[in-house]
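J.: So that we are looking at the same thing, I have put the structure below in structure tokens.
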Amino acid sequence: MNQAQFLKRFFEIEAGKKLPHSEETYSDMSFEVTITPYVPEKNYVVVFSGSHPIFPIIIDFPTNEHHLRLGLIDLFLIATDKVRKGKKRINFLKLIDEYVRTNNLIQLD
């Protein structure tokens, strides 16, 4: 998954519907991903940063995959606003998980 694909799906989740334009629309936007080093028995902190107003995206990324899929995380911010629990939150978390795993940014056991 590249950055343009991630951004298109991000905005589709935010809008609650499929967007008519292609992924190429987002090719001029970019972001950086910073991840804390591995510490046994601790979660990762993943930070997406860029110049668009949706950034930063900050997530306490659990090493337990089920906690992420169920939305059982303590810290999840988009543009410094806490993301409320609900369907959108789960969809955002799945998207972030897919991006991180597809790009091999975190190695989980």
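Derivation of every value follows stated rules applied to the coordinates shown; laboratory data play no part. No experiment lies behind these values; they were computed from the predicted model shown. Please note: Cβ atoms are built from the backbone with ideal geometry, for glycine as well, and neighbour counts cover all protein chains shown.
J.: Would you please list the contacts, defined by Cβ atoms under 7 Å and residues six or more apart or on different chains, that run from a residue in region 34-52 that is farther than 23 Å from Gly71 by Cβ to a residue that is among the aliphatic types (A, V, I, L, M)?
T.: So the pair list comes out as Gly50/Met29; His52/Met29.
J.: Could I ask something else about it? For region 82-100, which residues satisfy the criterion of being more than 8 Å from the chain's Cα centre (by Cα), free of Cβ contacts under 8 Å to residues at least 40 places away in the same chain, in a helix (DSSP H, G or I) and surrounded by 12 or more Cβ atoms within 10 Å (Cβ to Cβ)?
T.: Within region 82-100, Arg89, Ile90 meet the criteria.
J.: So is Ile58 under 14 Å from the mean Cα position of the chain (by Cα) and buried (at least 17 other Cβ atoms within 10 Å of the Cβ) or not?
T.: Yes; evaluated as a whole, the condition is true for this residue.
J.: Sort out which residues of region 1-26 are of a type in the set (Ser, Thr, Tyr) and loosely packed, with under 14 Cβ neighbours inside 10 Å, and write them in order of number.
T.: Across region 1-26, the qualifying residue is only Ser22.
Residue-wise test of (1) among the hydroxyl-bearing types (Ser, Thr, Tyr); (2) surrounded by 12 or more Cβ atoms within 10 Å (Cβ to Cβ); (3) out of contact with any Pro (no Cβ under 9 Å at 6 or more places or on another chain).
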position: Val33; (1), (2), (3): no, yes, yes
position: Pro37; (1), (2), (3): no, no, yes
position: Glu41; (1), (2), (3): no, no, yes
position: Thr80; (1), (2), (3): yes, no, no
